[in-house]
Amino acid sequence: MTSPVRALSLLMLLFGATIACGGSSQSTTPQPNPPASASEWVLAWSDEFSGPDGTSPDPSKWVIETGGHGWGNNESQYYTARTQNVRQENGNLVITALKEDYTGTDGVTKQYTSARLKTAGVFEQKYGRFEARIKVPRGQGIWPAFWMLGNDIGTVGWPTCGEIDIMENIGREPSIVHGTLHGPGYSGATPLTGSYTLPNAQKFADDFHVFAVEWESNQIRFYVDGVLYQTKKSTDVPGGTRWVFDHPFFLLLNTAVGGNWPGYPDATTVFPQQMLVDYVRVYRR
């Protein structure tokens, strides 16, 4: 991720730590056809979140991470597996950030709760198109993300495993999303990164948007709503470093509350906040 302290978050992951607006908005789910821009893509894996309302996401597709240790970024939330924080509803995955005092089984107490999911161990893929249709939450200190980590993180560590941040948004930048690559020698405060700004002062939290990357052996292309806004190539890595995007990665979805990069909620921040995910789809050639 673009935060300089994301490195600490992922180091925490190695040691047992392993992010939309409120309401009942219902999306119209398009059929899982390959993107028009690349008809050679074929669907390899997806979750349309069509389970019964109020149920947890499919455990054959997602692992729910829990904990309140700050995730290396001094975050303020406790991630739980409760349906109050993560559930399927109206054809969406709903990740809800709540303002509440919560004490976990580890004895840690936080003032907010939220949820974080990953596909590690259940789905991992090398190369392809990875996309999700998401309506992000809003507000100072709110930090949603759709991202990927190399599946060898447990053996080689971060950032050698690689990280692909398909979408990050922080509340103080309501019209901007960031897309970023982290690897050895280009991580933390000096990643390969770019951003996309909605035109006419539109805000990402006002509607659903499709966030995607197309990942080839020597380049990764970043898209918002089908618009290509940046391409990072293997030749872009700094001298003396290497391109590490050559092995399977797994997916993550989460909403953090607070942290060194987004800052913390203030009097303007309204809770609850919800991240709605209409679908996640992965294609291969």
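For the stretch 72-103, a residue qualifies if it is in a loop (DSSP other than H, G, I, E, B) and in contact with a Lys or Arg (Cβ under 8 Å, 6 or more places away or on another chain), and the qualifying residues are Gly72, Asn73, Ser76.
Table: residues versus (1) among the aliphatic types (A, V, I, L, M); (2) modelled with pLDDT under 95; (3) at negative phi.
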position	(1), (2), (3)
Gly139	no, no, no
Ile153	yes, no, yes
Met167	yes, no, yes
Pro174	no, no, yes
Pro191	no, no, yes
Asp206	no, no, yes
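The number of residues in the stretch 233-278 being under 20 Å from the mean Cα position of the chain (by Cα) and among the polar types (S, T, N, Q) comes to 5.
Criterion applied to Lys110, Lys99 was being farther than 27 Å from Phe208 by Cα, touching a strand residue (DSSP E or B) at 6+ places or on another chain (Cβ under 8 Å) and not β-branched (Val, Ile, Thr), and the one residue passing it is Lys110.
Out of all the residues in the stretch 14-26, is one or more at pLDDT 85 or above, of a type in the set (S, T, N, Q) and part of a loop (DSSP other than H, G, I, E, B)?
Checked against the condition, which is being at pLDDT 85 or above, of a type in the set (S, T, N, Q) and part of a loop (DSSP other than H, G, I, E, B), the stretch 14-26 yields no hits at all.
Being surrounded by 14 or more Cβ atoms within 10 Å (Cβ to Cβ), over 19 Å from Leu43 (Cα atoms) and not acidic (Asp, Glu): is that true of Ala205 here? Here the answer is yes, as Ala205 does meet what is asked.
If I go through the stretch 177-202 residue by residue, how many of them are under 15 Å from the mean Cα position of the chain (by Cα) and either surrounded by fewer than 15 Cβ atoms within 10 Å (Cβ to Cβ) or among the hydrophobic types (A, V, I, L, M, F, W, C) (or both)? The total comes to 2. Inclusion of Asp58 among residues that are outside any strand (DSSP E or B), surrounded by fewer than 24 Cβ atoms within 10 Å (Cβ to Cβ) and either of a type in the set (D, E, K, R) or at pLDDT 95 or above (or both) is warranted. Of all the residues that make up the stretch 231-258, how many are touching a Phe, Trp or Tyr at 6+ places or on another chain (Cβ under 6 Å) and buried (at least 19 other Cβ atoms within 10 Å of the Cβ)? Residues flagged as touching a Phe, Trp or Tyr at 6+ places or on another chain (Cβ under 6 Å) and buried (at least 19 other Cβ atoms within 10 Å of the Cβ) within the stretch 231-258 amount to 6.
Checking Lys126, Lys118, Lys110 one by one, the residue that is surrounded by fewer than 19 Cβ atoms within 10 Å (Cβ to Cβ) and basic (Lys, Arg) is Lys126 and no other.
Against the definition (assigned to a loop (DSSP other than H, G, I, E, B), modelled with pLDDT of 95 or more and out of contact with any Gly (no Cβ under 6 Å at 6 or more places or on another chain)), how does Gly263 come out, yes or no?
On the way: assigned to a loop (DSSP other than H, G, I, E, B): yes; modelled with pLDDT of 95 or more: yes; out of contact with any Gly (no Cβ under 6 Å at 6 or more places or on another chain): no.
Considered against the rule, which asks whether it is assigned to a loop (DSSP other than H, G, I, E, B), modelled with pLDDT of 95 or more and out of contact with any Gly (no Cβ under 6 Å at 6 or more places or on another chain), Gly263 comes out as no.
Criterion applied to Val86, Val63 was being farther than 23 Å from Cys161 by Cβ and either in contact with a Ser or Thr (Cβ under 6 Å, 6 or more places away or on another chain) or among the hydrophobic types (A, V, I, L, M, F, W, C) (or both), and the one residue passing it is Val86.
The values are calculated or read from the model by the stated rules, or taken from the named source; none is laboratory data. These figures come from a predicted structure and were not determined experimentally. Glycine gets a Cβ as well: all are built from the backbone with ideal geometry, and neighbour counts include every protein chain shown.
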